[in-house]
Amino acid sequence: MTIQRIEGKLLWEPSQQFQDESNMKKFMAWLEETRGLRFQTYEQLWNWSVTDIEGFWSAIWHFYEVQAKTPYDQVLADKKMPGAKWFPGSTLNYAEHIFRNEVPEKAAIIYQSENRALGEITWFKLKKETAAIAAYLKSLGVQPGDRVVAYASNIHETITAFLACASIGAVWSSCAPEFGIMSVIDRFKQIEPKVLFAVDGYRYGGKDFNRTELVKKIQAELPTLTQTIIIPYLQEEPHLEELKDAVLWGEAIEKNKGEVLTFTPVPFDHPLWILYSSGTTGKPKAIVQSQGGILLEQLKMIGLQKNVKPEDRLFWFTTTGWMMWNVVVSTLLTGATILLYDGNPGYPNYDTLWKFAEETKMTVFGTSASFITACMKAGVKPKEHFDLSHLNSIGSTGSPLPVSGFDWVYEEVKKDLWLVSTSGGTDLCTAFVGGSPLLPVHSGELQSRALGASVKAFDDQGQELVDEIGELVITEPMPSMPIYFWNDENGDRYHDSYFDVYSGIWRHGDFIKITTKGSAIIYGRSDATINRGGVRMGTSEIYSALESVPEVIDSLVVDIPISSEQSYMPLFVVMREKASLTDDVKSRINQVIRQNCSPRHVPNEIFPVEELPKTLNGKKLEVPIKKILMGTPVEKAVNIGSLANPDTIQYFVEFEKNMNGTQG
């Protein structure tokens with residue numbers, strides 16, 4: 001299918017009062033007062049932020065009064081990408097900036113899940129328990145730079161564990177408990193963690209999933225572990241007999257309940273956490289982001305672009321395996337209350353999260369585009385059944401929000417509402433295209449490029465495009481870009497991931513169009529990454545899972561943005577001689593993908609093929625096949641001369657012609 005041009009209609013405009021009271025306007029006034037910089041429009045402000053990047057990021061530092069134990073020598077010592085060196089000389093602590101906002105009796109976290117009633121954690125309790133866990137980690141010998149990992153749910157204990165980890169300068173990484181065993185081990189094993197936090201299980205869609213046996217298997221694959229801390233979630237008193245060196249969460253708290261929280265100052269570029277690439281060309285890449293870089297980026301993104309204030313109550317439906325969990329935690333930097341929900345958002349029906357919004361007096365409702373379209377298709381009418389008077393904005397990410405999704409929000413949720421459709425990436429842990437409280441909302445469009453994010457659309461020759469679809473690139477460095485990949489000593493994997501197409505310019509792997517008015521439209525991935533419901537996974541993880549299906553000898557999977565409303569993920573398999581793609585085989589294929597990768601990455605349909613097209617050196621043609629299935633002519637999608645078996649391409653040409661009739 002050829003991607004069609006999307007024209008948006010005006011849906012909402014910010015009132016003058018809304019603009020004047022926004023954090024963005026306060027920042028602009030501060031720039032004029034302290035630096036003599038006067039900007040009339042957001043576009044002018046954005047242009048300055050990406051041309052004078054040192055001036056902009058130093059302004060963010062001082063506007064938000066970043067507390068450094070030692071000052072920085074300069075803003076940017078080396079501007080090159082990759083390898084930019086931000087704020088050298090400075091030392092600080094991310095967690096210290098979280099707790100400078102504490103109001104002891106105010107709710108820091110409000111939570112609910114399928115097996116926990118609505119409750120809250122005050123700032124006082126959050127700080128007290130963070131201090132206890134931090135002290136316990138220190139007693140285990142955890143030092144700055146040591147890795148601490150979590151196989152845990154989106155619950156308050158996980159956030160406490162992370163803040164404790166950050167406070168002592170240790171490096172955090174997490175996976176959601178619905179991740180299959182292979183996906184977890186592929187991620188954690190390469191970073192050699194010292195401590196593991198894990199839930200005993202979780203509940204999803206009304207069903208209980210015990211994870212104790214999987215935790216045991218994870219322990220066996222991580223020889224560097226010295227301690228496992230089990231968070232009781234499925235059971236009040238889980239049994240630990242079969243787990244090595246394991247203690248309960250409550251025991252760790254009790255042993256250190258009188259401790260005072262302290263903060264270890266670390267260099268600006270000291271690792272804060274490790275996120276993961278999708279694993280398209282091998283094991284997922286371990287993306288390391290810095291304490292200082294994440295601090296500045298999240299202050300800017302959450303404070304200015306999302307306009308979050310201390311009185312807000314922000315929710316974003318996520319799991320601990322998605323970067324949006326890290327964004328939710330970072331919202332505490334603003335002093336706002338964060339809201340957590342763990343479970344199936346559509347169980348027992350799609351009213352669940354809207355009811356949660358009413359009960360918590362939610363002001364910011366963050367979710368995925370797929371959830372919004374699911375509500376739309378299910379006929380949900382939140383405004384008729386729930387009191388959403390406190391709700392000021394809705395955020396959408398994970399995949400492009402269709403025009404019909406924009407319309408549904410204003411028709412069925414609330415007329416006077418700021419809809420913030422955003423796009424970004426795990427790679428920078430931010431949205432670099434998204435919202436501005438100074439701009440209108442047009443159907444199908446993201447309002448603006450974020451401050452400090454020099455986002456452009458490039459053609460194949462590296463020329464900038466306007467009002468045309470191109471590759472999303474970032475032409476200037478940003479502080480939250482990875483400081484490195486773990487175990488990538490020469491930086492080769494880092495370079496090849498983002499800088500192998502346009503020298504010195506970040507290529508993100510998305511299709512984008514920048515309009516003449518500065519808004520943007522995202523058209524999905526331009527590479528082989530599979531992004532479903534915000535959970536990114538590489539094709540190699542699916543191929544690895546399929547190795548356990550004896551009938552399948554080769555496979556190829558692509559995720560096609562078949563329309564603005566959905567993606568379509570077909571799996572093509574080469575069957576072993578005399579084997580057939582029976583319903584039983586299909587069922588087992590789906591089962592191994594569900595168990596070892598994630599339920600979201602089960603293919604829409606499975607098709608048998610005689611042979612897969614490959615290059616002369618044996619590489620699968622994932623991206624070219626994706627382009628063909630999106631309607632790109634063969635001669636533009638692939639160099640036929642580079643193929644070992646060019647005749648195999650014709651199957652996919654015919655498949656594209658018939659695709660509308662084959663979608664399930």
Among 272, 261, which is crowded, with 18+ Cβ neighbours inside 10 Å, more than 19 Å from residue 102 (Cα to Cα) and either touching a helix residue (DSSP H, G or I) at 6+ places or on another chain (Cβ under 7 Å) or without any contact (Cβ under 8 Å) to a residue 60 or more places away in the chain (or both)?
272
Test residue 120 against the stated conditions and say whether it is in contact with a Phe, Trp or Tyr (Cβ under 8 Å, 6 or more places away or on another chain) and in a loop (DSSP other than H, G, I, E, B).
no
Just a yes or no: is a residue in the stretch 133-149 modelled with pLDDT of 95 or more, in a loop (DSSP other than H, G, I, E, B) and surrounded by 21 or more Cβ atoms within 10 Å (Cβ to Cβ)?
yes
Just a yes or no: is a residue in the stretch 375-396 over 20 Å from residue 302 (Cβ atoms), of a type outside the set (Gly, Ala, Ser) and modelled with pLDDT under 90?
yes
If we keep just the residues of the stretch 186-209 that are of a type in the set (Gly, Ala, Ser) and not in a strand (DSSP E or B), which is farthest from residue 317 (Cα to Cα)?
206
Please determine, by comparing only the residues of the stretch 463-479 that are in contact (Cβ under 8 Å) with a residue 12 or more places away in the chain and outside any strand (DSSP E or B), which one is surrounded by the most Cβ atoms within 10 Å (Cβ to Cβ).
479
Among the numbered conditions (1) surrounded by 24 or more Cβ atoms within 10 Å (Cβ to Cβ); (2) more than 25 Å from residue 600 (Cα to Cα); (3) among the charged types (D, E, K, R); (4) in contact with a Phe, Trp or Tyr (Cβ under 6 Å, 6 or more places away or on another chain), tell me where residue 306 comes up short.
(4)
Is the stretch 65-76 home to any residue that is part of a helix (DSSP H, G or I), in the same structural domain as residue 491 (by TED's automatic domain parsing) and either touching a Lys or Arg at 6+ places or on another chain (Cβ under 8 Å) or surrounded by fewer than 17 Cβ atoms within 10 Å (Cβ to Cβ) (or both)?
no
Can you say whether residue 294 is of a type in the set (Val, Ile, Thr), more than 23 Å from residue 164 (Cβ to Cβ) and crowded, with 21+ Cβ neighbours inside 10 Å, as far as the supplied structure shows?
no
Which members of the stretch 399-416 meet the condition of being touching a strand residue (DSSP E or B) at 6+ places or on another chain (Cβ under 6 Å) and surrounded by fewer than 23 Cβ atoms within 10 Å (Cβ to Cβ)?
410
Out of (1) in contact with a Pro (Cβ under 6 Å, 6 or more places away or on another chain); (2) in contact (Cβ under 8 Å) with a residue 40 or more places away in the chain; (3) in a strand (DSSP E or B), what's the single condition that is false for residue 109?
(1)
Note: among 642, 598, 548, 563, just one is surrounded by fewer than 17 Cβ atoms within 10 Å (Cβ to Cβ), within 26 Å of residue 179 (Cα to Cα) and modelled with pLDDT under 90, namely 548
When residue 343 is run through (1) surrounded by 19 or more Cβ atoms within 10 Å (Cβ to Cβ); (2) on the phi > 0 side of the Ramachandran plot; (3) free of Cβ contacts under 8 Å to residues at least 40 places away in the same chain, the failure sits at (3)
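The values are calculated or read from the model by the stated rules, or taken from the named source; none is laboratory data. Computed from a prediction, not measured in an experiment: that's the story for all the values here. A quick note on method: Cβ atoms are made from the backbone with ideal geometry, for glycine too, and the neighbour counts reach across all protein chains shown.
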